[in-house]
1. Here is a list of conditions, (1) closer than 26 Å to A39 by Cα; (2) in contact with a Lys or Arg (Cβ under 9 Å, 6 or more places away or on another chain); (3) among the aliphatic types (A, V, I, L, M), and V60 meets all of them except one; can you say which number that is?
2. Could you list, in sequence order, the residues of the stretch 34-72 that are under 12 Å from S100 (Cα atoms) and of a type in the set (A, V, I, L, M)?
3. Just name the residue that is nearest to A75 (Cα to Cα) out of those in the stretch 102-151 that are of a type in the set (D, E, K, R) and at pLDDT below 95.
4. For the stretch 78-132, enumerate the residues that are under 30 Å from E44 (Cβ atoms) and small (G, A, S).
5. Does A67 meet the test of being part of a helix (DSSP H, G or I) and small (G, A, S)?
6. Can you list residue pairs whose Cβ atoms sit under 8 Å apart, with the first residue in the stretch 49-63 being over 10 Å from I104 (Cα atoms) and at pLDDT 95 or above and the second being among the basic types (K, R) and in a helix (DSSP H, G or I)? Count only pairs 6 or more apart in sequence or on different chains.
7. Tally time: how many residues in the stretch 105-156 are under 30 Å from I63 (Cα atoms) and among the hydrophobic types (A, V, I, L, M, F, W, C)?
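The values are calculated or read from the model by the stated rules, or taken from the named source; none is laboratory data. These numbers come from a predicted model, not from an experiment. Here the Cβ is made from the backbone with ideal geometry for all residues, glycine too, and neighbour counts use every protein chain on show.
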Amino acid sequence: MCEPVSIIAGIGLAVSVGSMIFGAVSKKNEADKAAEQEAKNQIEANRLAEVETQRGESQVSVIRQKADQIMAAQANKAIGGGFALEGTAARILESTNMLSEQDIQMTRMNAAQIAMGYRYQGLNFGAQASLLRQKGDNILAGSIIGATGTAIGGAGTIWKYADSASKPGAWNYPETQSTDGNG
């Protein structure tokens, strides 16, 4: 039969091990929740990259349309002024076309750079999510190992105490002497 001290020690050990595991599960859940948020951030960053690419192409359409309008006005003015679309008039149209193509390329490049920034940010969010998940797993594994060690060590101590307490005379206390000198 177990002594009361052994029972109390066993209960204390169980509470200690349980609180270690509960704390680890709680920290793992926090890490998983943070990882989930990072994964959502990654999705949003990738969405923003696509939006930026589409915005760039939309701007390209506007630039192209304005360039076409300008070139049509230039051609009409040249023809209306009695000039043929050759020589200087042709070079003006070519220059306008070249400048609009430069604007288009610059717009696409700017949109691509912004989109790439969002994609890199998305990659960082994804990496952070992976690290947080790993951190949660490590916390849980470490706490389970620690709780197991605590349980084994505590059980050994309780067993040793219970074994020595079960020997004959273990609970016999020496007579106490009175300090007042009467006996």
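1. Condition not satisfied by V60: (1).
2. Scanning the stretch 34-72 gives V60, V62, I63, A67, I70, M71.
3. Of the residues in the stretch 102-151, the ones of a type in the set (D, E, K, R) are 103, 108, 119, 133, 135, 137.
Still in the list and also at pLDDT below 95: 133, 135, 137.
Working: R133: 64, K135: 67, D137: 70 Å.
Only one residue tops the list, namely R133.
4. Passing the criteria: A111, A112, A115, G117, G122, G126, A127, A129, S130.
5. Spelling it out, A67 is indeed part of a helix (DSSP H, G or I) and small (G, A, S).
6. If the second residue must be among the basic types (K, R) and in a helix (DSSP H, G or I), the pairs left are A49/R119.
7. The qualifying residues number 7.
Quick grid of which residues meet (1) in contact with a Leu (Cβ under 9 Å, 6 or more places away or on another chain); (2) surrounded by 13 or more Cβ atoms within 10 Å (Cβ to Cβ):
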| position | (1), (2) |
| --- | --- |
| S100 | no, yes |
| I104 | no, yes |
| M109 | no, no |
| I114 | yes, yes |
| A129 | no, yes |
| Q134 | no, no |
| L140 | no, yes |
| G146 | no, yes |
